[in-house]
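The values are calculated or read from the model by the stated rules, or taken from the named source; none is laboratory data. Computed from a predicted structure; not experimentally measured. Here the Cβ positions follow ideal geometry from the backbone for every residue, glycine too, while neighbour counts run over all protein chains shown. Note: areas computed on protein heavy atoms with side chains; ligands, DNA, RNA excluded. Shrake-Rupley method; radii C 1.70, N 1.55, O 1.52, S 1.80 Å.
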Amino acid sequence: MGILKSIFTWWDGATIGTRLSLRGMDKVGEDSLGNVYYEGGKDVHGRPRRWVIYSGANDASRVPPEWFGWLHHQIEERPDAALPPVRAWQKPPVPNLTGTALAYRPPGALDAGGQRVRATGDYEAWTPDA
């Protein structure tokens, strides 16, 4: 099933075509989530092309901030060489949770009970005549 899955499913890792096109490209590194980063060739602006091969679902919010900066040419060197070490107070990045049970649901949302707080009278509606 592995070969068939890599031929037809682009949403769960790289397809076989993508893997074949990465031959000859330089593997630059891997992040803590298991995503692998490649560089090689030139884009239309003459800069080196950069890719990420996701470990698991293809979700751009799963790219850590330091590697996002590298992918978008905000830094030229590998993130571990170009950036200062992570501070103790920094939280790890969180992927996009929209559509999951952990998504934010504000008070009044249907999934959070559907009861809005009553208006307090501090709002005055705008009318074009006033």
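Miscellaneous remarks
- Spin-label model, ALA82 to GLU30: label points 7 Å out along the Cα-to-beta-carbon direction sit 2.2 nm apart.
- The stretch 67-130 - Rg (one decimal) and Dmax (whole number), Cα, Å: 22.1, 62
- Mean residue ellipticity, 222 nm, helices only, the chain: the sum of -39500 (n - 2.57) across DSSP H runs of n ≥ 4, divided by residue count and rounded to 500, is -4000 deg cm²/dmol.
- Under the combined filter of DSSP loop state and at most 16 neighbouring Cβ atoms within 10 Å, the stretch 22-130 retains these trypsin sites (Lys or Arg not before Pro): ARG23, ARG87, ARG116, ARG118.
- For the stretch 7-130, alpha-carbon Rg over 2.2 N^0.38 Å: 1.60
- Counted residue by residue at 0.36 nm each, then reduced by the alpha carbon distance between them, the extension gain from PHE68 to ALA112 reaches 12.5 nm.
- Across the accessible surface of the chain, with the other protein chains kept in place and a 1.4 Å probe, carbon and sulfur atoms take up 57 percent.
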